[in-house]
Amino acid sequence: MLKQIIINNWNLENGKSIQKIPIFYQTFGQTIGTAPVVLVNHALTGNSNLIGEKGWWNDLIGDSKTIDTNYSTIIAINIPGNGFDGNVENLIDNYRDFTIRDIATIYWKTIFELNIQELFAVIGGSLGGAIAWEMAVLQPNKIKNLIPIATDYKATDWMIANVFLQDSILNHSQNPIEDARTHAMLLYRTPQSLNQRFQRQIENQNYLVENWLLYHGETLKNRFTLSAYKLMNYLLKTNDISRNRTDFLILSNEIQSNIHLVAVNSDLFFTPDENIKTYNQLKKTKANVFYHEINSIHGHDAFLIEFEQLATILNPIFNTIKQQNYVNN
C-alpha cells in the first residue's frame, strides 16, 4: 500500500526552498520499530513497488528470500516527481533545480519522520545506489551496511555525456520517451546480450531486436511521464559525493558503514573499472570495504536479471539479521 507523509520546508542545494511536498513510500515485512530496517532505493524508471504484483525485486525480497520479510522492515521511498502516485500535481517541471544530494536529504527527512534512527542497510542499483552513497555521506553513522550496486560515487565524463544526449532527446524529439528509452536500452544491455538473444531474426518485416526496442519504448511511455524521465535522467549528472565538499577519501573515511561495492563485469553504463578504482582507493584506509562482481553478458541490467548471483553476494550480509534474531530469542 502506498503511504504518504508531508515534508515541510525542504531547502534545495541551490538555495531554493519548497514549503510543502508529499513523499510517497511503501513498507514491507515487519512493523516499523520491531525489526532491523532496510531501505531499498529504486533506479531511474523504478518505484517503491518492490514485491507483489509488478514488484521489480520479487526474486530478492520476500518470505525466506535474501532480504527476508519475516525478519526485516523494508522501506522504499519514491523519488519526488517520479509520478508513481499518479497525481500530475506532484510532477516536477523545473528538474534542473534538483540534485542527488537533494533526494538523499529528503530520504533522510522521511526516515526520521518515521521515527527511524538507524538503518541496517541502504541498498540500491544504478541511480538508487548513487543516492545511497550520498545518504551515507549525509549521515555517516546511521547506516550499518552501504550496498551500492551497478553504480559509483561519481558521474564520469562518459555518464555525463550520455545524460546530455538523453536530455537532448527528451527535449527535442517528437517521440521523446520512446526515443530516449531506445538509446538507453543500448547502454543497459551489451552487444553480446542482444546478439545472443535475437540472432538477426526477422518478424513482421522487422528485425526482432527492432521490435524489442519499440516494445520497451512504448511500454515506458505508457507508465512513465516525460517530466519524470527528465528529472531522473538529470539526477545522474549530479552524482558526486565530493562536489563542493572535500576529497573523496576524506569523506569516505567518515562513513562508518560496511561498504559493499557490487559491479557488473559487462556494465557499459557504470563501468566496472570505475568501481575497481573506487575499491582500490578505499581499501588503502578502510578495512570494512568489499568488492563483489556479477558476471553476465547482460550489462548494466544484470542487477535485475542475475538474481542467483546477486543473492549469493547479499546472503552473508542479510543472514546476520536472522542470526541476531535467533540470539535475541
Restricting segment 146-168 to residues that are surrounded by fewer than 21 Cβ atoms within 10 Å (Cβ to Cβ) and either among the hydrophobic types (A, V, I, L, M, F, W, C) or within 16 Å of the chain's Cα centre (by Cα) (or both), the residue that is nearest to R243 (Cα to Cα): K154
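Please state which one of R189, R197 is touching a residue at least 40 places away in the same chain (Cβ under 8 Å) and within 21 Å of V264 (Cα to Cα).
Of the residues listed, the single one that is touching a residue at least 40 places away in the same chain (Cβ under 8 Å) and within 21 Å of V264 (Cα to Cα) is R189.
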So Y71, is it under 15 Å from the mean Cα position of the chain (by Cα), assigned by TED's automatic domain parsing to the domain that holds M135 and among the hydroxyl-bearing types (S, T, Y): no
Filtered residues of segment 89-104 (kept if out of contact with any Asp or Glu (no Cβ under 8 Å at 6 or more places or on another chain), outside any loop (DSSP other than H, G, I, E, B) and in contact (Cβ under 8 Å) with a residue 12 or more places away in the chain): N90, Y95, R96, D97
From D157, D167, residue being without any contact (Cβ under 8 Å) to a residue 40 or more places away in the chain and over 18 Å from G125 (Cα atoms): D157
Those residues of segment 112-129 which are buried (at least 22 other Cβ atoms within 10 Å of the Cβ) and out of contact with any strand residue (DSSP E or B) (no Cβ under 7 Å at 6 or more places or on another chain), in sequence order: S126, L127
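Please list, ordered by residue number, the helices (runs of 4 or more DSSP H) wholly in segment 242-329 having 2 or more residues that are modelled with pLDDT of 95 or more, over 18 Å from V40 (Cβ atoms) and of a type in the set (D, E).
Filter on segment 242-329 gives 272-282.
Any residue at all in segment 24-36 that is of a type in the set (A, V, I, L, M), touching a strand residue (DSSP E or B) at 6+ places or on another chain (Cβ under 9 Å) and not in a loop (DSSP other than H, G, I, E, B)?
no
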Condition check for L187: surrounded by fewer than 20 Cβ atoms within 10 Å (Cβ to Cβ), among the aliphatic types (A, V, I, L, M), closer than 23 Å to N82 by Cα and touching a Leu at 6+ places or on another chain (Cβ under 8 Å): yes
Tally of residues being of a type outside the set (A, V, I, L, M, F, W, C) and not in a strand (DSSP E or B) across segment 1-23: 4
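The values are calculated or read from the model by the stated rules, or taken from the named source; none is laboratory data. Please read all numbers here as calculations on a predicted model, not as lab measurements. FYI the Cβ positions are ideal-geometry reconstructions off the backbone, even for glycines, and counts take in every protein chain you see.
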